[in-house]
Amino acid sequence: MQREHAQLIQQALEVLEKNWTGTFTRPGVLLYPHQWSWDSAFIAIGYAHCNQARAEQELRTLFEGQWSNGLLPHILFDPQATGYFPSFAFWEVERSPFAPRQRQTSGIVQPPVHATALLHIYRHARDQVQARAFLAEMFPRLRAWHLYLHRERDPRNEGLVFIRHPWESLDNSPIWDTILRRMELRPEEIPAYTRVDTQSVHPEYRPTDAEYDRYAYLVKFFAACDYDEARIYSSCPFLVQDVLFNSLYCQGNRDLAEIARILGEDPTPFEEWAEQTAAAMNRKLWNEERGLYLDVDLATGQHIASSTSASFLPLFAGIPDGPRATRMYDYLNSPAFCQLAETTYAVPSYDRQSPAFQPDRYWRGPVWININWLLYHGLRRYDRHEYAQRIRQSVLDLVQKHGFYEYYNPLSGEGHGTPRFSWTAALLLDLLSD
Ligand code: DGY
């Protein structure tokens, strides 16, 4: 890593050290006291450069929460920690025959970036023998996780997996507004609950109560279905084929195929799934008029006309061809997101020209470091090096001037959500190692 950034590196390591519990890393002390799935994958990517053993431990602990049907839960609860809603009890996952009995988990998932993280750890490992042993240890678990997605989340074998809760992708992104509004809940359908997040973070920077009612409703809906995926699929009011999730699933399968090759296992199923997903995204999620990929609402079969920074993530998985990538790039490099010559921070999470853009509210406008890290790599894959460097510099400036926040106002750079946020620190370490 570069010497001129020695102080920044030191601070990033301190953030991770503060959030390390001995077996996993909390995303942030203020809002997130348990282990989160995609947070841990991004955190492991950062550890890979400085602490191989901890990178491995992070993923090993996470997979202790895996269900016997392969589902990798979005939260593995720390039974000692309090101060988070929804708590373990609220999920009622014991209604599923597949949920682990010894560990406390939620009953939804997060984007499958774990195979990508695992391969990254292997590629940066100092101890190659240990790294290969870790690949072999994790391979069956990763295979079960991807098999779960293939089997349960793509029941028509389209190549596209669906999400069934906004927390499986971008929480309160405007993408879901129409669907959530359609879910008209009678007062007696709204479960009793108390939010904890808005006690420590300004409510204007977090999702609204109306959104939380629907998040909580969906959790109780899954419990009422006993977490039976077929029952959920047949009547869940929120079912979306999401660009972000499918992009990471596609790249995850490419990376799992590579892991299989390293181990002398059969890479074919993962290669085929990756190609099937890429083809299906090009066929079904590409919107020719807008020049980018859009989510599909499975209730209507229509594209959701909302463009977010995640709409560009097919670049990360090498999905668009050259002409499509150029159209996407032109949209990214426009007043809707962030032009190369501008002085604002790249890249806001939502289209700035849309009336729904809110620069301070969670996933409705702020800059997030994980999406920018994915975009950085996606743009490099398509030789858009100048823009990739622009993103890298934005991340460095944000952290240097404003601290290791969860998300940032793209205009002022002000940090919001929890301070000392782990994936911000971890991905900064990775960007500095490049
Ligand atoms: C939260 O609590 O805001 C998370 O994003 C959901 O897991």
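Looking at Arg261, Arg254, Arg283, just one residue is under 21 Å from Leu72 (Cα atoms), of a type in the set (D, E, K, R) and at pLDDT 95 or above, and that residue is Arg254. Taken over the range 16-42, the criterion of being more than 16 Å from the ligand (Cβ to nearest atom) and open to solvent by 10 Å² or more (accessible area, probe 1.4 Å) is satisfied by Glu17, Lys18, Trp20, Thr21, Gly22, Thr23.
Conditions (1) assigned to a helix (DSSP H, G or I); (2) open to solvent by 10 Å² or more (accessible area, probe 1.4 Å), marked per residue:
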site	(1), (2)
Cys338	no, no
Tyr345	no, yes
Asp360	no, yes
Tyr376	yes, no
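Please work out if Ile45 is within 20 Å of the chain's Cα centre (by Cα), more than 16 Å from the ligand (Cβ to nearest atom), in a helix (DSSP H, G or I) and among the β-branched types (Val, Ile, Thr).
Details: within 20 Å of the chain's Cα centre (by Cα): yes; more than 16 Å from the ligand (Cβ to nearest atom): yes; in a helix (DSSP H, G or I): yes; among the β-branched types (Val, Ile, Thr): yes.
Against the criterion (within 20 Å of the chain's Cα centre (by Cα), more than 16 Å from the ligand (Cβ to nearest atom), in a helix (DSSP H, G or I) and among the β-branched types (Val, Ile, Thr)), Ile45 qualifies.
Within the range 155-169, one or more residues are within 22 Å of Arg26 (Cβ to Cβ) and surrounded by fewer than 22 Cβ atoms within 10 Å (Cβ to Cβ).
Starting from residues that are aromatic (Phe, Trp, Tyr) and not in a loop (DSSP other than H, G, I, E, B), keep the ones in the range 143-200 and report whichever is farthest from Gly107 (Cα to Cα). Explain how you work it out, then say what you get.
So in the range 143-200, the residues aromatic (Phe, Trp, Tyr) come out as 145, 148, 162, 167, 176, 193.
Retained after the next criterion (residues that are not in a loop (DSSP other than H, G, I, E, B)): 145, 148, 167, 176.
Numbers: Trp145: 14, Tyr148: 13, Trp167: 11, Trp176: 20 Å.
Checking each candidate, the answer is Trp176.
Scanning the range 206-226 for residues that are open to solvent by 60 Å² or more (accessible area, probe 1.4 Å) and within 11 Å of the ligand (Cβ to nearest atom) yields a count of 0.
From Asn282, Asn287, grab the single residue that is surrounded by fewer than 19 Cβ atoms within 10 Å (Cβ to Cβ) and touching a strand residue (DSSP E or B) at 6+ places or on another chain (Cβ under 7 Å).
Numbers: Asn282 fails: touching a strand residue (DSSP E or B) at 6+ places or on another chain (Cβ under 7 Å).
Result of the check over Asn282, Asn287: Asn287.
Arg141 passes every criterion in (1) open to solvent by 40 Å² or more (accessible area, probe 1.4 Å); (2) in contact with a helix residue (DSSP H, G or I) (Cβ under 8 Å, 6 or more places away or on another chain); (3) modelled with pLDDT under 95 apart from (3). Among the candidates Thr268, Thr308, the residue that is open to solvent by 20 Å² or more (accessible area, probe 1.4 Å), on the phi < 0 side of the Ramachandran plot, hydroxyl-bearing (Ser, Thr, Tyr) and at pLDDT 95 or above is uniquely Thr268. Taking residues in the range 387-410 that are under 13 Å from Thr424 (Cβ atoms), and partners anywhere that are open to solvent by 10 Å² or more (accessible area, probe 1.4 Å) and charged (D, E, K, R), the pairs with Cβ atoms closer than 6 Å and at least 6 places apart or on different chains are Phe404/Arg420. The residue list Ile179, Ile121, Ile175 contains one member that is at pLDDT 95 or above and within 16 Å of the ligand (Cβ to nearest atom), which is Ile175.
Ala81 falls short on exactly one of the conditions (1) of a type in the set (Gly, Ala, Ser); (2) assigned to a loop (DSSP other than H, G, I, E, B); (3) open to solvent by 40 Å² or more (accessible area, probe 1.4 Å); (4) over 21 Å from Ala230 (Cβ atoms), and that condition is (3).
Could you tell me whether any residue of the range 255-271 is touching a residue at least 24 places away in the same chain (Cβ under 8 Å) and under 24 Å from Asp360 (Cβ atoms)? Step through it out loud before you land on a result.
Looking only at the range 255-271, we keep the residues that are touching a residue at least 24 places away in the same chain (Cβ under 8 Å), and these are 255-256, 258-260, 262-263, 265, 270.
From what is left, the residues that are under 24 Å from Asp360 (Cβ atoms) are none.
No, the range 255-271 contains no residue that is touching a residue at least 24 places away in the same chain (Cβ under 8 Å) and under 24 Å from Asp360 (Cβ atoms).
Do you know which residues across the range 231-281 are outside any helix (DSSP H, G or I) and among the aromatic types (Phe, Trp, Tyr)? Please lay out each step first, then the result.
Let us first name the residues in the range 231-281 that are outside any helix (DSSP H, G or I), namely 236-242, 264-267.
Within the range 231-281, Phe238 is the sole residue that qualifies.
Filtering the range 105-116 for residues that are under 24 Å from Arg195 (Cβ atoms) and away from the ligand (no atom under 13 Å from the Cβ) leaves an empty set.
The residues listed here are Ile232, Ile190; of these, the one that is on the phi < 0 side of the Ramachandran plot, surrounded by fewer than 17 Cβ atoms within 10 Å (Cβ to Cβ) and modelled with pLDDT of 95 or more is Ile190. Of all the listed residues (Ser96, Ser68), the sole one being away from the ligand (no atom under 16 Å from the Cβ) and open to solvent by less than 10 Å² (accessible area, probe 1.4 Å) is Ser96.
Would you mind stating whether Phe77 is within 12 Å of the ligand (Cβ to nearest atom), over 16 Å from the mean Cα position of the chain (by Cα) and either among the aromatic types (Phe, Trp, Tyr) or on the phi < 0 side of the Ramachandran plot (or both)? Please lay out each step first, then the result.
On the way: within 12 Å of the ligand (Cβ to nearest atom): yes; over 16 Å from the mean Cα position of the chain (by Cα): yes; either among the aromatic types (Phe, Trp, Tyr) or on the phi < 0 side of the Ramachandran plot (or both): yes.
Criteria met by Phe77.
The values are calculated or read from the model by the stated rules, or taken from the named source; none is laboratory data. The shown structure was predicted, so the numbers you read here are calculated from the model rather than taken from an experiment. Methodologically, a virtual Cβ is constructed for each residue, glycine included, from the backbone with ideal geometry; neighbour enumeration extends over all protein chains shown. Side chains are part of the model used for accessible areas, which takes the heavy atoms of the whole protein and leaves out ligands, DNA and RNA. Shrake-Rupley method; radii C 1.70, N 1.55, O 1.52, S 1.80 Å.
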